[in-house]
Amino acid sequence: MMRQILVDHGRARQCKKRPSQTGRTSLEEVVLVCESKGEDLLALDDALRRLAEIHPRKSEVVELRFFGGLSVEETAEVLKVSRLTVIRDWNFARAWLRTAMSGGEEFDGEA
């Protein structure tokens, strides 16, 4: 849910096609994310979608840890895998996402 709110906020900040026609403050405007972070969130969302196509569990680990704030142990319990598997998936996913977001060639190897 938090991921979707942040991504929607990033998209809204990039679009800025028309000003708000109501005097109300939207939820997206309340979330304090600077423009560069909004762009980073969009890039992260795109990279996570690609990672999910190739390595669904590794993508889930990122979502649970980064967006859900779960610890390694909590993530392992939710996914019903060992703590070491979560650590390996987390390390692999971070490297994969870093490469994907920097415009480098994405790799498909297993951790």
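The values are calculated or read from the model by the stated rules, or taken from the named source; none is laboratory data. Here the structure is a predicted model, which is why all the values come from computation and not from measurement. Methodologically, a virtual Cβ is constructed for each residue, glycine included, from the backbone with ideal geometry; neighbour enumeration extends over all protein chains shown. Note: areas computed on protein heavy atoms with side chains; ligands, DNA, RNA excluded. Shrake-Rupley method; radii C 1.70, N 1.55, O 1.52, S 1.80 Å.
Every condition in (1) more than 17 Å from the chain's Cα centre (by Cα); (2) surrounded by 12 or more Cβ atoms within 10 Å (Cβ to Cβ); (3) assigned to a helix (DSSP H, G or I); (4) at pLDDT 90 or above holds for GLU29 except the one numbered (4). Among the residues making up segment 85-100, those that are open to solvent by 80 Å² or more (accessible area, probe 1.4 Å) and either at pLDDT 95 or above or in contact with a helix residue (DSSP H, G or I) (Cβ under 8 Å, 6 or more places away or on another chain) (or both) are ARG88, ARG94.
When segment 73-84 is filtered for residues that are surrounded by fewer than 16 Cβ atoms within 10 Å (Cβ to Cβ) and in a helix (DSSP H, G or I), the ones remaining, listed by number, are GLU73, GLU74, GLU77, VAL78, ARG83, LEU84. Of the numbered conditions (1) among the acidic types (Asp, Glu); (2) modelled with pLDDT under 90; (3) open to solvent by less than 90 Å² (accessible area, probe 1.4 Å), GLU60 fails exactly one; give the number of that condition. Exception for GLU60: condition (2). Among the residues making up segment 39-57, a single one is in a helix (DSSP H, G or I), surrounded by 17 or more Cβ atoms within 10 Å (Cβ to Cβ) and modelled with pLDDT of 95 or more: LEU51.
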